[in-house]
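Worksheet: the structure to be examined is printed underneath.
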Amino acid sequence: MTKEKAQARREHLARMRADQKRKERRAALLMWGIGGLVIVVLVALVAVWVVKDRSGKSLGAVKSFNYKGSDHSWAKVDYKENPPVGGQHNYYWQNCGIYDKPIHNEHGVHSLEHGAVWITYRPDLPKAEVDKLKTIASADYMLLSPYPNLPAKVVASSWDHQIILDGAEDPRLPEFVKKYKQNPTYTPEYGASCTGGVGTTSEQPLPPPQAETSQEPMPGASPSS
C-alpha cells in the first residue's frame, strides 16, 4: 500500500470517527432534551394537580358568624341561618350520632356549642351519598341528619361556621371536620359532652319548660346507627 493510499485511509477513518462522534453527541443531546422536556411536563402536571387538589380542599367558602354561647331557652327559636350555626338553643343538647329523621334545631345548636360538627343533607340525597356521609359522621362529636328545604345537597355546620357543599364526595367536607370539630378556639363550651342529652327527632315535641336550675338532660331515644 502506497503512502498516499495509507494517508487517505487514515483520513477516511478519522472522518468516519468524527461523524460517529457527532452523531453520538446529537443523539445524547436529543435524549437529554427529550428527558428534560418529559421532566418539565411531569413537574408541570404535578404542580397543576397540587394546585387543583389544594383548591378543591380550600375552606375559603366557609361563612363565619358571631354568636355568643350559653344562651338557653325552652321556647322554639327562629334562626336566621338555615341550618343554624349558633345562637339561642334548648337546655338539652342532641346526642351526637346518625339520625335518619330531622332533629330539632334547638338541640342541634346546643351540640354545636359543645364542639360538634353537624352535617345536614337533603332528604332526597341518593343512598350512596348518604352512606358516605354516615361513614364520615361515625366519629365522636359528629351529628348527621336529613334537613328539609336545605339550600344545597349537603351543608356542614359548626358553631359560628358553615360551608355549602356539592355532595358527600366534596373534598372540603373532611377538611371542614378536621378544622372545626372540637376546636377550642371556636367552641364556646370546649370539653362539654356530646352524649347524655336527648336522642329525639323533630317528630317529637321539644321538652316542656323546667326549672332553669336543673341542668340534667331528660332521657331520650338513642340515635340510629
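The values are calculated or read from the model by the stated rules, or taken from the named source; none is laboratory data. Fair warning: this is a prediction, and the values are worked out from it, not measured in the lab. Don't worry about glycine lacking a Cβ; one is built from the backbone with ideal geometry, like all the others, and counts go over all protein chains shown.
Can we say Met16 is more than 60 Å from the chain's Cα centre (by Cα) and at pLDDT below 65? In short, no. Candidates in segment 53-108 are the residues that are part of a strand (DSSP E or B) and not hydrophobic (A, V, I, L, M, F, W, C); of these, the one that is farthest from the chain's Cα centre (by Cα) is His72. Looking for something at pLDDT 95 or above and part of a helix (DSSP H, G or I) - is there at least one such residue anywhere in segment 138-160? The answer is no; no qualifying residue exists. Restricting the first residue to segment 155-169 and requiring it to be farther than 13 Å from Leu59 by Cα, which pairs with a second residue that is of a type in the set (Asp, Glu) and crowded, with 21+ Cβ neighbours inside 10 Å meet a Cβ separation below 9 Å and a spacing of at least six or different chains? Close Cβ pairs satisfying both conditions: Trp159/Glu113.
When Ser73 is tested against (1) at pLDDT 95 or above; (2) closer than 26 Å to Arg172 by Cβ, exactly one condition is not met: (2). Taking the criterion of being surrounded by 17 or more Cβ atoms within 10 Å (Cβ to Cβ) and more than 15 Å from Gln94 (Cα to Cα), the residues of segment 180-204 that qualify are Tyr180, Lys181, Gln182, Tyr186, Thr187, Pro188. Residues that are within 13 Å of Cys194 (Cβ to Cβ), aromatic (Phe, Trp, Tyr) and at pLDDT 95 or above do occur in segment 116-129.
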